[in-house]
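Here's the structure, in structure tokens; my notes come after.
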Amino acid sequence: MLLHDERAQLVDYCHRMQADDLTVGTSGNLSVRSGQHIAITPSGVPYEDLTPESICVIDLDGNKVDSDLEPSSEVPMHTSVYRATDAAAVVHTHPLYCTALSVLLDEVPPVHYMIALLGGPVRVAPYARFGSPELAENSVRAMEGRYGALMQNHGATTYGDSLAKAYSRSVYLEWVCRLYHQARLLGEPNLLPREEIDGVAAVLGGYGQTVPAR
Ligand SMILES: [Zn+2]
């Protein structure tokens, strides 16, 4: 089976994504790139029913290479991120706090230094319908100089040079959005200056380790 290990890894991370409350129902989609191929979650399959065989393999243009099921509706966004960046994995989710801020803001404010793991204050890509080339285009533009973006009235996407990195960036992004939400309930949060975020980003450059498989 083409990309067996990548497919198995995606199933594992889909289960983590559910356990971590990063998405709701069958929404959200994950992919891993290997050379000219991309392993990506199928459209609309409950995460608990996923097996390595049900993960789809497509090429960088989005054509099906090895898949019995229809790939995620967000194929254009995944392929666009791979074409525009050095990503080896892309994680797209609908986490509550990321999505809440996406309906209110143009950018996630630098309320905590961990936002540096995303490359700096994370932008919100203007709204376009799910699965559309416009959403892919808006998202990639919003990711310039960052490892992720929010999608207005929709959710969040992050990428990395491994699925572990891409995934942990989604977890940190949701945490920073939640922190901002909590702090904002109590008053006007103090924000960190851009130089401090850049300084922390330089220190955290290689932050994050791959946890051995359980
Ligand atoms: Zn979505």
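The values are calculated or read from the model by the stated rules, or taken from the named source; none is laboratory data. Worth saying up front: this structure is predicted, and the values here are computed from it rather than measured. Keep in mind that these areas ignore ligands, DNA and RNA; they rest on the heavy atoms of the full protein, side chains included. Shrake-Rupley method; radii C 1.70, N 1.55, O 1.52, S 1.80 Å.
Things worth noting here:
- Between helix 133-142 and the chain: long-axis angle, C-alpha atoms, 0 to 90°, nearest 10: 40 degrees
- Sum of -39500 (n - 2.57) over DSSP H runs of 4+, divided by residues of the chain (222 nm, nearest 500): -11500 deg cm²/dmol
- GNM on the chain, alpha-carbon springs under 10 angstrom: the most fluctuating residue among ARG33, ARG123, ARG83 is ARG83.
- Counting only DSSP beta bridges whose two residues both lie in the range 4-204, roughly 95 percent are antiparallel.
- Out of every Cα-Cα pair that the range 65-208 contains, those further apart than 19 angstrom amount to 49 percent.
- With the convex hull of the Cα atoms taken as the outline of the range 1-54, the averaged projected area works out to 3.5 nm².
- Nearest-10 value in Å² for the accessible area of VAL171, using the 1.4 Å probe: 60 Å²
- Distance from the alpha carbon centroid of the range 44-93 to that of the range 97-135 works out to 22 angstrom.
- Carbon and sulfur %, accessible surface of the chain computed with the full protein complex present, 1.4 Å: 51 percent
- For the residues ALA202, ALA149, ALA100, a GNM of the chain with alpha-carbon springs under 10 Å puts the largest fluctuation on ALA202.
- Derived scalar couplings ³J(HN,Hα) [the range 42-57; Karplus, 6.51 cos²θ - 1.76 cosθ + 1.60; whole Hz; x for Gly, Pro]: x, 7, x, 9, x, 4, 6, 9, 5, 10, x, 5, 7, 6, 8, 10
- Shape call, the range 126-186: gyration tensor on alpha carbons, a/c limit 1.5: oblate
- With all protein chains kept in place, the per residue accessible area of the range 3-73 amounts to 45 square angstrom at a probe of 1.4 angstrom.
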